[in-house]
1. Per residue, how much accessible area does the range 336-487 have with a 1.4 Å probe, in Å²?
2. Ignoring any ligand, DNA or RNA, what whole percent of the accessible area of the range 540-648 comes from carbon and sulfur when the probe is 1.4 angstrom?
3. Extending each Cα 7 Å along its Cβ direction at Asn176 and Gln65, get the distance between those two points in nm, one decimal.
4. Give a residue-ordered list of calculated ³J(HN,Hα) values for the range 579-596 (Karplus: 6.51 cos²θ - 1.76 cosθ + 1.60, θ = phi - 60°; whole Hz; x for Gly, Pro).
5. From the helices alone, meaning DSSP H stretches of at least four residues, give me the mean residue ellipticity at 222 nm for the chain, per-run term -39500 (n - 2.57), in deg cm²/dmol to the nearest 500.
6. If I compute solvent accessible area with a 1.4 Å probe over the protein chains, what percent of it on the range 336-487 is carbon and sulfur?
7. Could you give the nm distance between label points at Ala250 and Ser333, where each point is 7 Å from its Cα heading toward the beta carbon?
8. Got a number for carbon plus sulfur as a percent of the range 3-286's accessible area, 1.4 Å probe?
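The values are calculated or read from the model by the stated rules, or taken from the named source; none is laboratory data. Since the model is a prediction, treat every value here as computed from it, not as a measurement. Here Cβ is always computed from backbone atoms with ideal geometry, including for glycine, and neighbour counts include all displayed protein chains. Surface areas here come from the heavy atoms of the whole protein model, side chains and all, with no ligands, DNA or RNA. Shrake-Rupley method; radii C 1.70, N 1.55, O 1.52, S 1.80 Å.
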Amino acid sequence: MSPFFISTPIYYVNARPHLGHGYTTIVADSISRFHRLQGDATYFLTGTDEHGDKIVQAAEANGQQPREYVDAISALFQELWPRLEIANDQFIRTTDPKHAACVQHVLQAVYDKGDIYFDEYGGHYCFGCERFYTDKELVDGKCPDHQTAPTFIKEKNYFFRMSKYLEPLRQHIEANPDFIQPERYRNEVLSMLKEDLGDLCISRPKTRLTWGIELPFDRDFVTYVWFDALINYISALDYPQGAAYRKYWAGAHHLVAKDILKPHAVFWPTMLMSAGIPLYQGLRVHGYWTVNETKMSKSLGNVIAPLDMAHKYGLSAFRYFLLAEMSFGQDSSFSEEALVGRFNADLANDLGNLFSRSLSMTHKYFGGTVPECADLNSVDREVLEIGQNAMANFQAQFEHFQFSRALKSLWDLVRHLNKYIDLSAPWTLYKNQELTRLGTVLYVILEGMRKIALHLWPVMPSTSEAMLAQLGVRFDIQTVDLAAEVSSWYGLVPGTVVAERSNLFPRQDLDLQDTAAPAAKKTKDAPAKPAPAKPADASPQLIEFEDFAKLDLRVGTVMAAEKHPEADRLLVLRIDTGEPELRQVVAGIAEFWSADTLVGRQVVVVANLKPRKLRGLMSQGMVLAVKQDAGLALLGPSAAVPDGSKVS
Ligand code: MSP
């Protein structure tokens with residue numbers, strides 16, 4: 001059991017939590033859960049950064065005292081995280097007394113070492129960044145981040161001899177390629193270190209700012225907010241004496257976005273060197289989310305609140321989307337269109353259908369219990385091989401924070417299992433009463449589903465547990481052995497009772513009402529709201545109720561679909577309408593629907609239509625649909641119902 005410690009930045013309390021904070025904290029939660037699954041002793045820290053000018057100004061703007069203000073905003077963060085299924089071990093606040101004591105302890109150690117001196121300094125100070133800028137760093141005389149002119153301030157302050165440690169830091173980064181990752185940020189820091197970064201001003205006179213931690217060696221000054229904030233990573237672990245510090249610091253990883261690379265990659269390790277504290281293991285740096293390609297900002301009114309998205313599309317979909325969409329290290333654009341598109345493609349079609357059709361087949365063919373697995377043939381062995389690769393890649397990529405690649409690998413297995421169902425055609429095996437073979441096929445599928453569900457626990461914890469429960473498996477982290485999952489395929493116990501139905505990810509339609517983000521173009525998976533229908537014919541022909549009652553309309557699940565070999569406009573569907581055999585329906589919908597988006601969907605079938613041949617293939621009924629200019633919508637129940645249910 002190796003220790004693994006993961007931290008997020010501690011967020012400023014001058015703004016409410018938004019998508020950016022949500023992303024970092026969800027990533028930290030997922031990686032911490034992944035290490036817990038692997039059996040590592042894991043500690044996950046997040047919190048709020050509550051001192052400094054910025055906070056005082058925000059409190060004033062709100063007509064509040066700093067203390068009252070920071071308590072309120074910090075509470076927003078603390079209350080949000082559990083609702084996003086974020087299971088942090090501690091929430092640290094820089095206004096906690098234990099944090100202040102630790103900051104003073106470290107300051108004293110650095111001071112005693114002779115690494116702090118007093119000096120007069122005049123420079124361009126940006127209140128937004130709470131730091132001095134050199135002439136070279138300013139762009140057209142303005143702060144490059146805030147585009148505001150800095151204030152020239154001349155005052156006496158304390159300085160940390162950071163320059164003394166820059167060369168040892170450079171050597172450490174050179175010798176430890178894993179220290180800062182992804183590579184582009186490692187390179188960025190190495191080129192930063194080629195410049196003369198000088199020393200770091202670490203105090204603010206109380207005449208100017210009192211909302212901070214007093215220097216232990218001069219009560220007329222408070223600590224610079226970054227020197228204070230970075231120490232949260234060890235004060236939370238009760239440095240220097242705490243058991244948590246001794247247990248977890250050796251496995252310390254910090255997760256940040258690119259905006260705060262320099263404090264984490266330069267200030268913090270040099271502070272640690274001076275204080276005689278071992279350096280952290282790894283800094284992991286991600287890119288920035290924009291919203292529809294635009295910077296997220298209050299004034300543009302496009303700030304995405306994480307909880308809104310989770311409420312609208314489901315928490316699992318939101319967490320999955322964030323991890324799958326952003327290539328870790330690069331910037332990414334958030335849009336609801338992309339979220340809905342991915343939801344429908346990956347979750348509703350691929351994963352949701354795999355679950356719904358496999359569980360319903362287990363019920364239909366084996367009374368709802370996991371069948372025995374007999375000898376495997378080459379098609380089955382291919383599934384096992386693809387599964388092994390998918391899981392091994394998933395684990396390796398997740399470990400290295402490459403979440404989008406990890407999920408893509410896992411989906412190789414999801415998609416292959418869907419293909420394997422089509423290829424093995426369990427309905428035909430059943431029809432021919434090849435029950436031993438049918439049992440093996442279903443076992444291979446159900447076991448693959450169990451593995452997928454388990455690997456998804458770090459990403460979507462409660463849905464993963466629900467998927468496992470549908471397979472009759474109780475999630476127990478103590479018994480999970482991820483490495484063994486890769487090498488063996490026989491985890492499910494034959495005879496286990498599985499759920500009859502699964503409706504984990506019902507397809508979503510895009511709903512841009514109540515959304516801050518401006519709409520972009522629609523995607524194929526997320527059709528626009530249709531135009532009102534043309535008025536009906538003036539005098540429809542009336543029929544007797546008895547005529548209507550002649551129709552036998554049934555709900556059925558599309559189990560397989562393929563193009564008609566001889567007609568481009570036709571699809572050949574195999575639909576489970578609750579009868580002993582699947583119904584073959586030939587439908588003229590190929591122009592609007594691709595075969596793979598239909599599988600797993602429930603449709604309404606006219607079940608008592610006389611069978612007829614369409615381009616050489618027998619069709620036993622019709623599916624009901626609404627044709628419009630915008631496309632063709634299929635009719636189906638609003639929630640899953642048993643196949644064969646009569647429409648009345
Ligand atoms: N208080 C400092 C951090 C001190 S850590 C010792 C701070 N706070 S912050 O509230 O501004 O948070 C910055 C962090 O929030 C980023 O590094 C990132 O984790 C997250 N994000 C904020 N906006 C973001 C995006 N638009 N996109 C992705 N993440 C971003 O800096």
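1. That works out to 35 Å² for each residue.
2. Details: 3440 of 6440 Å².
The C+S portion of the solvent-accessible surface of the range 540-648 is 53 percent.
3. My value for the distance between the label points is 4.3 nm.
4. 8, x, 10, 5, 8, 9, 10, 9, 10, x, 10, 4, 5, 10, 10, 8, 4, 6
5. Numbers: 22 runs with 245 residues, N = 648.
Computed ellipticity for the chain at 222 nm equals -11500 deg cm²/dmol.
6. Details: 2530 of 5350 Å².
Carbon and sulfur together cover 47 percent of it.
7. Placing both labels 7 Å beyond Cα along the Cβ direction yields 4.7 nm.
8. Numbers: 5340 of 11120 Å².
Carbon with sulfur: 48 percent of the solvent-accessible area.
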